[in-house]
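Down below is the structure, laid out as structure tokens.
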Amino acid sequence: MEDARYSFVVEWLDPHAGLTFRYQLLYWTGDCSIEMYDIKNRRTFLKKVKVPTCKPADLYIGATITVFSRQLKVVEYGDNFTEQTFQQQRQYTFVLVKPKAMAYLGKVVNAILKSGFTVAKTKMAVLSAADASALYGGRGDAALVAEVCSGPSVGLALVAENAVEKFADLMGDADGSTPDTIAAHFGAVCVGSASADDVSNELGFFGLPSVSRLADTTLCLVKPSAAEHLGLVLDGITGSGFQITGLQSFNLDRPNAAEFYEVYKGVVPEFNMMVDEITSGPFVAVEVAGSGSGGSVVEQFREVAGPIDPEIARVLRPDSLRAKFGFDKVRNAVHCTDLPEDGALETHYFFKILQEA
């Protein structure tokens, strides 16, 4: 891919006019430059400019990238050369982390990310018997169908070169006999797409309602800048005695992001940068419940998240999430609910209001 030029068709939804605009986006891998053409009006929209935050791994069908505060959805390949190059290198596969494996969720996700996959989407949902049969009934494994609808499970849409085969190798044999695989370490905790033909049907999982408790919980957002640490953050949550009762990936536009962060407007000088960060790419919202030991889950989890400034966190709370994975006060790995009375408000925003939008 070195010093190559690729072409994509992207769409941008104007939040004010409610209109969708289509552009041809040209991307140069040598210096991460982008040029855009307005397809309808047949004119240059953006002259060639470096966008270092946009990496080749971010470009695949269905991805959302941010270019100068505009969220662009990649909908098509722009030419045959790009299509032939990217079809194998940006193949999708679907992985279901089974209900019995929630204790290992963070470790499984970390193993997936370390193996070179991109998590394009994720969601926690409950499969009905009919849903489970629609996804896996064709495999002729009644035990698998019964197992995956026994409680909440987490679906992952993964992107990588030859993703279906790559995940099968990472998963290993179900009996754990293949060394250095997920099955060898944790058992048969996941089920991946059996073939490329199965992926489209299995991605229907993301049409299911997101599961959440919406009571006595707090919110954690794993920010775009911490995407590579998603598994470690999730493991840090459960390893601290909390339960993950809801989980879903999102892309927020600026109006929704500003609405969510409105309480900070005029209070913290980094407000605009906070909006820029959370809209710079996909992030994961996590509903967190306490361990049942009493007290406010909001206050307890705030201790696990650590001080807002990672530099201060590394001194005062070196084991906190922000100390381990944060860069600065804006790219500080996670957002967490600050006030006990806001726990229900913030979890409702992502797991109810945005679900109904």
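Looking at Val298, Val334, just one residue is of a type in the set (Val, Ile, Thr) and under 21 Å from the mean Cα position of the chain (by Cα), and that residue is Val334. Look at the stretch 4-15: where a residue is farther than 14 Å from Phe81 by Cα and a partner is open to solvent by 40 Å² or more (accessible area, probe 1.4 Å) and assigned to a loop (DSSP other than H, G, I, E, B), sitting 6+ places away or on another chain with Cβ atoms under 6 Å, you get Pro15/Asp253. Of the strands (runs of 3 or more DSSP E) that lie entirely inside the stretch 38-113, not one contains 3 or more residues that are of a type in the set (Phe, Trp, Tyr). Residues being out of contact with any Phe, Trp or Tyr (no Cβ under 8 Å at 6 or more places or on another chain), hydrophobic (A, V, I, L, M, F, W, C) and open to solvent by 40 Å² or more (accessible area, probe 1.4 Å) are entirely absent from the stretch 199-212.
From the list Ile39, Ile34, which one is within 26 Å of the chain's Cα centre (by Cα) and in contact (Cβ under 8 Å) with a residue 24 or more places away in the chain? Talk me through it step by step, then tell me what you get.
Details: Ile39 fails: within 26 Å of the chain's Cα centre (by Cα).
So the residue among Ile39, Ile34 that is within 26 Å of the chain's Cα centre (by Cα) and in contact (Cβ under 8 Å) with a residue 24 or more places away in the chain is Ile34.
Gln355 passes all but one of (1) within 22 Å of the chain's Cα centre (by Cα); (2) more than 21 Å from Phe260 (Cβ to Cβ); (3) polar (S, T, N, Q); (4) open to solvent by 50 Å² or more (accessible area, probe 1.4 Å); which number fails? Unmet condition: (2). Among Arg70, Arg42, which is at positive phi and among the basic types (Lys, Arg)? Checking each option against the conditions leaves just Arg42. Taken over the stretch 151-178, the criterion of being surrounded by fewer than 17 Cβ atoms within 10 Å (Cβ to Cβ) and at pLDDT 95 or above is satisfied by Gly151, Glu165, Asp169.
Scan Pro340, Pro318 and give me the residue that is modelled with pLDDT of 95 or more, open to solvent by less than 80 Å² (accessible area, probe 1.4 Å) and more than 21 Å from the chain's Cα centre (by Cα).
Pro318
In the stretch 325-342, the residues that are small (Gly, Ala, Ser) form Cβ pairs under 9 Å with partners that are modelled with pLDDT under 95, at six or more places apart or across chains, as follows: Gly326/Ser225; Ala333/Ser225. For Leu221, the criteria (1) open to solvent by less than 40 Å² (accessible area, probe 1.4 Å); (2) part of a helix (DSSP H, G or I) hold in every case but one, which is (2). Got a number for residues in the stretch 123-135 being among the small types (Gly, Ala, Ser), within 15 Å of Val191 (Cα to Cα) and open to solvent by 20 Å² or more (accessible area, probe 1.4 Å)? Total satisfying the criteria: 2.
Remark: Gly138 matches the filter, which requires a residue to be part of a helix (DSSP H, G or I) and either within 23 Å of Glu277 (Cα to Cα) or open to solvent by 50 Å² or more (accessible area, probe 1.4 Å) (or both). When Ala103, Ala120 are checked against the criterion of being open to solvent by 50 Å² or more (accessible area, probe 1.4 Å), in contact (Cβ under 8 Å) with a residue 40 or more places away in the chain, aliphatic (A, V, I, L, M) and closer than 25 Å to Phe250 by Cα, Ala103 stands alone in meeting it.
If you go through the stretch 182-194 and keep only what is outside any helix (DSSP H, G or I) and either surrounded by fewer than 18 Cβ atoms within 10 Å (Cβ to Cβ) or under 21 Å from the mean Cα position of the chain (by Cα) (or both), you end up with Gly187, Val189, Cys190, Val191, Gly192, Ser193, Ala194. If you filter the stretch 1-57 down to residues that are among the β-branched types (Val, Ile, Thr) and under 22 Å from Pro255 (Cα atoms), you find that the one that is least open to solvent (accessible area, probe 1.4 Å) is Val10.
Looking across Asp131, Asp197, Asp169, Asp175, one residue alone is among the acidic types (Asp, Glu) and either touching a strand residue (DSSP E or B) at 6+ places or on another chain (Cβ under 7 Å) or assigned to a loop (DSSP other than H, G, I, E, B) (or both). It is Asp175.
Residue count for the stretch 72-85 satisfying the condition of being more than 22 Å from Phe117 (Cα to Cα) and either within 27 Å of the chain's Cα centre (by Cα) or open to solvent by less than 50 Å² (accessible area, probe 1.4 Å) (or both): 2.
Look at (1) touching a Ser or Thr at 6+ places or on another chain (Cβ under 6 Å); (2) at pLDDT 95 or above; (3) not in a loop (DSSP other than H, G, I, E, B) and you find that Arg331 fails only one, number (3).
The lone criterion from (1) over 29 Å from Leu208 (Cα atoms); (2) in contact with a Leu (Cβ under 9 Å, 6 or more places away or on another chain) left unmet by Arg322 is number (2).
The values are calculated or read from the model by the stated rules, or taken from the named source; none is laboratory data. All figures in this text were calculated on a predicted structure; none of them were measured in a lab. So basically every Cβ, Gly included, is an ideal-geometry build from the backbone, and we count neighbours across all protein chains shown. With ligands, DNA and RNA removed, areas are computed over all heavy atoms of the protein, side chains included. Shrake-Rupley method; radii C 1.70, N 1.55, O 1.52, S 1.80 Å.
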